[in-house]
Amino acid sequence: MTVNGTLSGIVIALSLLVGAWALVEALRERAPGRGQLLGLAVVEVSLIVLLIAAAIAAAGGDRPASGVTFFGYVVTIICLPPLGWVLARLEPTRWGSVIVLVVCLTVPVLVLRLHQTWQVVTSG
Amino acid sequence: MAERTAPRTLGTGPGRALIAVYGIFALSASARAAVQIGAKFSEAPLAYLLSAFAAAVYIVATVALAKGGETWRRVALVSCSIELIGVVTVGLLSIFDAGAFPDDTVWTDFGRGYGYVPLVLPVIGLLWLRYAGRDRAAA
(Lines give C-alpha, C1' and ligand atoms only; values in the text may rest on other atoms or scores of the structure.)
Protein backbone atom coordinates (compact mmCIF):
# COMPACT_ATOMS: atom_id res chain seq x y z
CA MET A 1 0.00 0.00 0.00
CA THR A 2 2.87 2.37 0.73
CA VAL A 3 4.10 1.90 -2.80
CA ASN A 4 0.76 3.01 -4.09
CA GLY A 5 0.50 5.97 -1.73
CA THR A 6 3.96 7.30 -2.50
CA LEU A 7 3.55 6.80 -6.23
CA SER A 8 0.13 8.46 -6.24
CA GLY A 9 1.66 11.40 -4.39
CA ILE A 10 4.44 11.71 -6.96
CA VAL A 11 1.98 11.59 -9.87
CA ILE A 12 -0.20 14.24 -8.23
CA ALA A 13 2.78 16.48 -7.49
CA LEU A 14 4.11 16.17 -11.05
CA SER A 15 0.71 16.93 -12.52
CA LEU A 16 0.20 19.98 -10.30
CA LEU A 17 3.68 21.21 -11.19
CA VAL A 18 2.96 21.02 -14.93
CA GLY A 19 -0.44 22.60 -14.24
CA ALA A 20 1.15 25.52 -12.37
CA TRP A 21 3.53 26.02 -15.26
CA ALA A 22 0.64 25.98 -17.74
CA LEU A 23 -1.21 28.55 -15.60
CA VAL A 24 1.78 30.90 -15.63
CA GLU A 25 2.11 30.50 -19.39
CA ALA A 26 -1.61 31.08 -19.92
CA LEU A 27 -1.48 34.25 -17.81
CA ARG A 28 1.50 35.41 -19.88
CA GLU A 29 -0.59 34.81 -23.03
CA ARG A 30 1.78 32.13 -24.20
CA ALA A 31 0.96 29.04 -26.21
CA PRO A 32 2.05 25.67 -24.86
CA GLY A 33 5.66 25.13 -25.90
CA ARG A 34 7.82 22.08 -25.90
CA GLY A 35 8.16 22.27 -22.10
CA GLN A 36 4.47 21.89 -21.38
CA LEU A 37 4.09 19.06 -23.88
CA LEU A 38 7.08 17.33 -22.33
CA GLY A 39 5.44 17.88 -18.93
CA LEU A 40 2.28 16.13 -20.17
CA ALA A 41 4.43 13.25 -21.41
CA VAL A 42 6.13 12.96 -18.01
CA VAL A 43 2.73 12.90 -16.29
CA GLU A 44 1.55 10.17 -18.67
CA VAL A 45 4.67 8.08 -18.01
CA SER A 46 4.25 8.48 -14.24
CA LEU A 47 0.62 7.38 -14.60
CA ILE A 48 1.65 4.28 -16.51
CA VAL A 49 4.21 3.45 -13.80
CA LEU A 50 1.51 3.90 -11.15
CA LEU A 51 -0.87 1.63 -13.00
CA ILE A 52 1.77 -1.05 -13.53
CA ALA A 53 2.54 -0.92 -9.79
CA ALA A 54 -1.19 -1.28 -9.11
CA ALA A 55 -1.41 -4.25 -11.49
CA ILE A 56 1.54 -5.92 -9.73
CA ALA A 57 -0.06 -5.30 -6.33
CA ALA A 58 -3.33 -6.76 -7.64
CA ALA A 59 -1.50 -9.84 -8.92
CA GLY A 60 -0.10 -10.24 -5.41
CA GLY A 61 -3.61 -10.42 -4.00
CA ASP A 62 -3.90 -6.77 -2.90
CA ARG A 63 -6.99 -6.00 -4.92
CA PRO A 64 -9.21 -2.92 -5.06
CA ALA A 65 -12.72 -3.22 -3.61
CA SER A 66 -14.31 -3.02 -7.03
CA GLY A 67 -12.13 -4.16 -9.87
CA VAL A 68 -14.53 -2.80 -12.48
CA THR A 69 -14.63 0.67 -10.92
CA PHE A 70 -10.85 0.68 -10.67
CA PHE A 71 -10.58 -0.31 -14.32
CA GLY A 72 -13.04 2.46 -15.26
CA TYR A 73 -10.83 5.06 -13.62
CA VAL A 74 -7.72 3.58 -15.22
CA VAL A 75 -9.17 3.87 -18.72
CA THR A 76 -10.30 7.46 -18.11
CA ILE A 77 -7.11 8.64 -16.48
CA ILE A 78 -4.72 7.15 -19.01
CA CYS A 79 -6.50 8.97 -21.85
CA LEU A 80 -6.24 12.43 -20.31
CA PRO A 81 -2.64 13.52 -21.02
CA PRO A 82 -2.84 12.35 -24.67
CA LEU A 83 -6.17 14.18 -25.03
CA GLY A 84 -4.57 17.33 -23.61
CA TRP A 85 -1.57 16.90 -25.87
CA VAL A 86 -3.64 16.66 -29.06
CA LEU A 87 -5.92 19.59 -28.18
CA ALA A 88 -3.01 21.74 -26.98
CA ARG A 89 -1.18 21.11 -30.26
CA LEU A 90 -4.29 22.17 -32.17
CA GLU A 91 -4.53 25.40 -30.18
CA PRO A 92 -1.28 27.36 -30.45
CA THR A 93 -2.56 30.26 -28.33
CA ARG A 94 -2.80 30.94 -24.59
CA TRP A 95 -5.89 28.73 -24.61
CA GLY A 96 -3.67 25.79 -25.43
CA SER A 97 -1.97 26.41 -22.10
CA VAL A 98 -5.40 26.54 -20.46
CA ILE A 99 -6.12 23.09 -21.92
CA VAL A 100 -2.90 21.73 -20.38
CA LEU A 101 -3.93 23.36 -17.09
CA VAL A 102 -7.38 21.73 -17.18
CA VAL A 103 -5.89 18.29 -17.80
CA CYS A 104 -3.27 18.74 -15.08
CA LEU A 105 -5.96 19.70 -12.56
CA THR A 106 -8.15 16.74 -13.52
CA VAL A 107 -5.43 14.10 -13.21
CA PRO A 108 -4.86 14.63 -9.43
CA VAL A 109 -8.61 14.40 -8.76
CA LEU A 110 -8.84 11.12 -10.64
CA VAL A 111 -5.69 9.73 -8.99
CA LEU A 112 -7.23 10.51 -5.58
CA ARG A 113 -10.44 8.74 -6.59
CA LEU A 114 -8.45 5.81 -7.91
CA HIS A 115 -6.57 5.66 -4.65
CA GLN A 116 -9.86 5.64 -2.72
CA THR A 117 -11.21 2.65 -4.67
CA TRP A 118 -8.12 0.84 -3.44
CA GLN A 119 -8.19 1.93 0.18
CA VAL A 120 -11.62 0.49 0.77
CA VAL A 121 -9.96 -2.91 0.91
CA THR A 122 -7.13 -2.04 3.25
CA SER A 123 -9.39 -0.27 5.73
CA GLY A 124 -11.96 -3.05 5.73
CA MET B 1 -6.16 42.46 -27.79
CA ALA B 2 -6.37 42.28 -31.57
CA GLU B 3 -7.35 38.68 -31.00
CA ARG B 4 -10.75 39.73 -29.69
CA THR B 5 -11.90 41.53 -32.80
CA ALA B 6 -11.14 38.55 -35.02
CA PRO B 7 -14.20 36.44 -35.81
CA ARG B 8 -14.49 33.56 -33.42
CA THR B 9 -15.42 30.12 -34.48
CA LEU B 10 -16.96 27.68 -32.10
CA GLY B 11 -14.09 25.29 -31.67
CA THR B 12 -11.06 27.56 -31.43
CA GLY B 13 -9.50 29.67 -28.68
CA PRO B 14 -11.53 29.46 -25.48
CA GLY B 15 -13.84 27.12 -27.40
CA ARG B 16 -11.07 24.56 -27.66
CA ALA B 17 -10.50 24.74 -23.90
CA LEU B 18 -14.24 24.19 -23.50
CA ILE B 19 -13.99 21.15 -25.78
CA ALA B 20 -11.24 19.80 -23.51
CA VAL B 21 -13.44 20.12 -20.42
CA TYR B 22 -16.44 18.62 -22.23
CA GLY B 23 -14.23 15.83 -23.55
CA ILE B 24 -13.06 14.99 -20.04
CA PHE B 25 -16.66 14.90 -18.84
CA ALA B 26 -17.77 12.81 -21.80
CA LEU B 27 -15.00 10.35 -21.02
CA SER B 28 -15.50 10.12 -17.27
CA ALA B 29 -19.30 10.08 -17.45
CA SER B 30 -19.16 7.29 -20.06
CA ALA B 31 -16.73 5.27 -17.96
CA ARG B 32 -18.91 5.71 -14.89
CA ALA B 33 -22.08 4.73 -16.75
CA ALA B 34 -20.36 1.71 -18.31
CA VAL B 35 -19.18 0.51 -14.90
CA GLN B 36 -22.57 1.10 -13.27
CA ILE B 37 -24.59 -0.56 -16.01
CA GLY B 38 -22.09 -3.35 -16.62
CA ALA B 39 -21.50 -4.32 -13.00
CA LYS B 40 -24.58 -3.49 -10.95
CA PHE B 41 -27.44 -2.38 -13.17
CA SER B 42 -30.18 -3.98 -11.07
CA GLU B 43 -29.21 -2.00 -7.94
CA ALA B 44 -30.46 1.34 -9.24
CA PRO B 45 -31.54 1.10 -12.89
CA LEU B 46 -33.00 4.62 -13.05
CA ALA B 47 -29.86 6.28 -11.70
CA TYR B 48 -27.63 4.30 -14.04
CA LEU B 49 -29.76 5.01 -17.08
CA LEU B 50 -29.52 8.67 -16.13
CA SER B 51 -25.74 8.31 -15.94
CA ALA B 52 -25.74 6.90 -19.47
CA PHE B 53 -28.01 9.70 -20.68
CA ALA B 54 -25.74 12.35 -19.12
CA ALA B 55 -22.73 10.72 -20.77
CA ALA B 56 -24.50 10.80 -24.15
CA VAL B 57 -25.33 14.49 -23.72
CA TYR B 58 -21.69 15.29 -22.93
CA ILE B 59 -20.51 13.34 -25.97
CA VAL B 60 -22.95 15.17 -28.26
CA ALA B 61 -21.93 18.55 -26.80
CA THR B 62 -18.23 17.76 -27.26
CA VAL B 63 -18.70 16.70 -30.88
CA ALA B 64 -20.96 19.67 -31.66
CA LEU B 65 -18.49 22.19 -30.23
CA ALA B 66 -15.66 20.56 -32.14
CA LYS B 67 -17.54 20.47 -35.45
CA GLY B 68 -18.81 24.04 -35.43
CA GLY B 69 -20.99 25.58 -38.15
CA GLU B 70 -24.59 26.67 -37.87
CA THR B 71 -26.20 23.24 -37.54
CA TRP B 72 -23.74 21.99 -34.96
CA ARG B 73 -24.06 25.24 -33.08
CA ARG B 74 -27.77 24.50 -32.68
CA VAL B 75 -26.99 20.95 -31.59
CA ALA B 76 -24.56 22.33 -29.01
CA LEU B 77 -27.19 24.83 -27.86
CA VAL B 78 -29.73 22.05 -27.34
CA SER B 79 -27.29 19.74 -25.54
CA CYS B 80 -26.01 22.50 -23.23
CA SER B 81 -29.63 23.40 -22.41
CA ILE B 82 -30.52 19.76 -21.69
CA GLU B 83 -27.45 19.59 -19.47
CA LEU B 84 -28.45 22.66 -17.50
CA ILE B 85 -32.03 21.42 -17.10
CA GLY B 86 -30.73 17.97 -16.18
CA VAL B 87 -28.29 19.11 -13.52
CA VAL B 88 -30.83 21.46 -11.92
CA THR B 89 -33.68 18.91 -12.02
CA VAL B 90 -31.60 16.02 -10.71
CA GLY B 91 -29.98 18.34 -8.16
CA LEU B 92 -33.36 19.38 -6.79
CA LEU B 93 -34.68 15.81 -6.89
CA SER B 94 -31.67 14.44 -5.05
CA ILE B 95 -32.23 16.97 -2.27
CA PHE B 96 -36.01 16.74 -1.91
CA ASP B 97 -36.48 13.10 -2.80
CA ALA B 98 -33.26 11.26 -2.00
CA GLY B 99 -34.93 7.91 -2.72
CA ALA B 100 -35.31 8.75 -6.39
CA PHE B 101 -31.58 8.33 -7.03
CA PRO B 102 -30.13 5.81 -4.59
CA ASP B 103 -26.73 5.90 -6.26
CA ASP B 104 -24.71 8.86 -7.46
CA THR B 105 -24.80 10.20 -10.98
CA VAL B 106 -22.82 13.08 -12.47
CA TRP B 107 -25.74 15.40 -11.76
CA THR B 108 -26.56 14.30 -8.20
CA ASP B 109 -26.56 17.22 -5.70
CA PHE B 110 -25.93 19.66 -8.56
CA GLY B 111 -22.75 17.79 -9.47
CA ARG B 112 -21.18 18.07 -6.04
CA GLY B 113 -19.10 14.93 -6.59
CA TYR B 114 -17.50 16.69 -9.54
CA GLY B 115 -16.77 19.99 -7.81
CA TYR B 116 -20.02 21.52 -9.14
CA VAL B 117 -18.40 21.71 -12.57
CA PRO B 118 -21.48 20.01 -14.13
CA LEU B 119 -23.55 22.98 -12.92
CA VAL B 120 -21.16 25.68 -14.15
CA LEU B 121 -20.17 24.01 -17.42
CA PRO B 122 -23.49 24.34 -19.30
CA VAL B 123 -23.73 28.01 -18.27
CA ILE B 124 -20.27 28.71 -19.64
CA GLY B 125 -21.16 26.64 -22.70
CA LEU B 126 -24.32 28.66 -23.37
CA LEU B 127 -22.48 31.96 -22.86
CA TRP B 128 -19.76 30.86 -25.24
CA LEU B 129 -22.34 29.78 -27.84
CA ARG B 130 -23.93 33.22 -27.59
CA TYR B 131 -20.60 34.95 -27.97
CA ALA B 132 -19.06 32.77 -30.63
CA GLY B 133 -22.23 32.47 -32.64
CA ARG B 134 -22.43 36.20 -33.17
CA ASP B 135 -19.59 36.71 -35.61
CA ARG B 136 -21.61 36.07 -38.76
CA ALA B 137 -24.71 37.89 -37.60
CA ALA B 138 -22.68 40.95 -36.61
CA ALA B 139 -20.78 41.12 -39.90
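Structure above, values below:
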| read-out | value |
| --- | --- |
| Chain A, relative contact order [Cα under 8 Å, separation at least 6], % | 42 percent |
| Three-way shape label, the protein assembly as shown, alpha-carbon gyration tensor, a/c 1.5 | oblate |
| Selection from B:Ala98, B:Leu121, B:Ile85, by position along the positive dipole direction of segment B:12-134 (Cβ) | B:Leu121 |
| Scaled radius of gyration (Cα, divided by 2.2 N^0.38 Å) that chain A gives | 1.12 |
| Relative contact order [Cα under 8 Å, 6+ residues apart], chain B, whole percent | 27 percent |
| Residue of B:Val78, B:Val57, B:Val87 that the Gaussian network model of chain B assigns the largest fluctuation, springs spanning Cα pairs under 10 Å | B:Val78 |
| GNM result for chain B, Cα springs below 10 Å: residue of B:Ala39, B:Ala17, B:Ala47 fluctuating most strongly | B:Ala39 |
| Within segment B:12-134: Cβ-based charge dipole about Cα centre, in debye rounded to nearest 20 (Lys, Arg +1; Asp, Glu -1) | 580 debye |
| Accessible area (Å², 1.4 Å probe, nearest 10) - B:Lys40 | 60 Å² |
| Surface accessible to a 1.4 Å probe, per residue, for the residues of segment B:50-99, Å² | 49 Å² |
| Segment B:42-119 shape via C-alpha gyration tensor axes, a/c threshold 1.5 | prolate |
| Total charge dipole magnitude, chain A, about the Cα centre, Cβ charges on Lys, Arg, Asp, Glu only, Debye to nearest 20 | 140 debye |
| Heavy atoms of A:Ser66: accessible area, 1.4 Å probe, square angstrom to 10 | 40 Å² |
| At least 27 Å along the helix axis (C-alpha) and Kyte average at least 1.6, DSSP helices within chain B | B:45-67 |
| Cα centre as origin, Lys/Arg/Asp/Glu Cβ charges: the protein assembly as shown dipole, Debye | 780 debye |
| Under 11 Å, Cβ to Cβ, from A:Leu37 - net charge with Lys/Arg +1 and Asp/Glu -1 | +1 |
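The values are calculated or read from the model by the stated rules, or taken from the named source; none is laboratory data. The structure presented is a predicted model; accordingly, all values stated were derived computationally and were not measured. As a convention, Cβ positions derive from the backbone with ideal geometry for all residues, glycine included, and neighbour counts pool all protein chains shown. For the accessible areas, the whole protein counts, side chains as well, though only heavy atoms, and no ligand, DNA or RNA atoms are used. Shrake-Rupley method; radii C 1.70, N 1.55, O 1.52, S 1.80 Å.
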